[in-house]
Amino acid sequence: MNVHDSERIAGSLDAAGYIPAADGSDPDLIVFNTCAVRENADNKLYGHLSFLAPEKKLRPEMQIAIGGCLAQKDKSVILEKAPYVDVVFGTHNMGSLPALLERARVEKRAQIEIKESLEHFPSTLPARRHSPFSAWVSISVGCNNTCTFCIVPALRGREKDRSSDEILSEIRALVSDGVIEITLLGQNVNAYGVDFGDRAAFAKLLRACGEIEGLERVRFMSPHPRDFTDDVIQAMAETKNVMPHLHMPLQSGSDAILAAMRRSYRVDRYRSIISKVRSALPQASITTDVIVGFPGESEADFQATLDLCSEVGFLAAYSFKYSKRPGTPAAVMENQIPEQIVAERYDRLHQQINQVAARVNNEVLGKRVEVLITDIDGSNATGKSRDFRLVHFEAPATARPGDIAELTIRETKAHFILGDSQSVSIRPTRGGDAFSSRKAEAESKGVALGMPTLKSVHYK
């Protein structure tokens, strides 16, 4: 979601006449689009701002803007900690950034504008897409769940859904521009339709995506087990361009911890979803999210999580140490887990997940896979298989990012698989054409693709 929003922020600036700073030059504007899910994001932002303080003093005309969830959370606190920031804007009014920058420039004082409700759906704003052949499409914003660890509903608000006509219209426009892969986004993507009373809306949307000519790959994230229904599984199985990959957050393998998290499902429900998905799509891969060290988590609770991760056979698990977020019920719960225990459990989970992922990846050894090429460096290509595996291989000179490769897997690791260079065949696509067109345009204008750097500061 943050990548999607960053593309909209960049697009709004483009529309206002801003141009990307050339690589190695000093930018006139630096924008931070922030996250607030974990405390580490706060620390990173304020660390970067401290580093920029001397540069701002040397070049007071350089503007600094802070947006996103952390801005929505901290508001004026940002100016207390970094009074040289020019603009603070929230999650509901990112399209206002150009006007706020101009106001700050004219009035010569910082502008803080935090809206409590959505001004414009982010996807309706102009965008500067990072990829010419893959795109993010937001179908909803906000969340109606009340997970005790999560600050997002307080910052993004209650769920608001776009109409399916508007979503499909955007997708068709993207496809006509060369996009061949889209990812449908929402804080709780499969709850889509709750805003207008249609529980089958998400399954219908997936099927409608299957009817769009030229759209080769459809993905979605992140769903919630509570709202994951059989009709969605059926739509995944019956819609050719919906990829056989499901990211289904687990968070914990303990019913007691899931109850404390207020997750509204239990382990048996989770197992049932995975079983149904694998019955309908035997080739599907499963990825997940896991929180380690939630308040009250016992060794037995944690072991239940390890056991379930092994049982399910996740291709990948995005694991996080529990992080207190201000204003959430979990932050004031008793039995907070000591940091050293959390760190030890995190390491054990990481080791377990690596072992499981290596086992899961080994299942495709010697098999033929289809890969959407995402990057080429010399002759070394990287891409994603239909089931979301990271694939590295040696590509022929004719291959381009955005093209489709078919190859045989010769070696597997925990986090990626390797293709046999002698087995590679390339299918040129409209996505590859879009990449070539953008590359030629960038070279003709002398503007580098990617993020600018400021002296020794490197942004990722």
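The values are calculated or read from the model by the stated rules, or taken from the named source; none is laboratory data. All values derive from a computational prediction rather than experimental measurement. A quick note on method: Cβ atoms are made from the backbone with ideal geometry, for glycine too, and the neighbour counts reach across all protein chains shown.
Computed values, structure above
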item	result
Condition broken by Ala203, with the remaining ones in (1) closer than 27 Å to Tyr322 by Cβ; (2) surrounded by 21 or more Cβ atoms within 10 Å (Cβ to Cβ); (3) among the small types (Gly, Ala, Ser) satisfied	(1)
Filter pass, Thr288 being touching a Ser or Thr at 6+ places or on another chain (Cβ under 8 Å), in the same structural domain as Gln352 (by TED's automatic domain parsing) and β-branched (Val, Ile, Thr)	no
Matching entry among Lys56, Lys44, Lys73 (being within 22 Å of the chain's Cα centre (by Cα), outside the structural domain of Phe320 (by TED's automatic domain parsing), charged (D, E, K, R) and closer than 22 Å to Pro98 by Cα)	Lys73
Check on Ile373, out of contact with any strand residue (DSSP E or B) (no Cβ under 7 Å at 6 or more places or on another chain) and buried (at least 18 other Cβ atoms within 10 Å of the Cβ)	no
Wholly within the range 331-410, strands (runs of 3 or more DSSP E) carrying at least 3 residues that are within 20 Å of Gln422 (Cα to Cα) and of a type in the set (Asp, Glu)	368-377
Filtered residue count, the range 199-219, keeping only those that are under 13 Å from Leu185 (Cβ atoms) and either in a loop (DSSP other than H, G, I, E, B) or out of contact with any His (no Cβ under 8 Å at 6 or more places or on another chain) (or both)	3
From Phe302, Phe320, Phe294, residue being in a strand (DSSP E or B), of a type outside the set (Ser, Thr, Tyr) and either surrounded by fewer than 15 Cβ atoms within 10 Å (Cβ to Cβ) or not assigned by TED's automatic domain parsing to the domain that holds Asn145 (or both)	Phe320
Conditions (1) hydrophobic (A, V, I, L, M, F, W, C); (2) crowded, with 22+ Cβ neighbours inside 10 Å; (3) in contact (Cβ under 8 Å) with a residue 40 or more places away in the chain; number of the one not met by Ala16	(2)
Residue match in the range 38-58 (condition: of a type in the set (A, V, I, L, M, F, W, C), surrounded by 13 or more Cβ atoms within 10 Å (Cβ to Cβ) and closer than 30 Å to Val290 by Cβ)	yes
Failed item, numbered, when Thr91 is tested on (1) among the hydroxyl-bearing types (Ser, Thr, Tyr); (2) surrounded by fewer than 18 Cβ atoms within 10 Å (Cβ to Cβ); (3) under 21 Å from Ala154 (Cα atoms)	(2)
Search result, residues across the range 19-40 that are within 18 Å of Val85 (Cβ to Cβ), assigned to a loop (DSSP other than H, G, I, E, B) and at pLDDT 85 or above	Asp26, Pro27, Asp28, Cys35
Residues of the range 234-266 classified as in a helix (DSSP H, G or I) and either crowded, with 21+ Cβ neighbours inside 10 Å or not assigned by TED's automatic domain parsing to the domain that holds Thr146 (or both), total	9
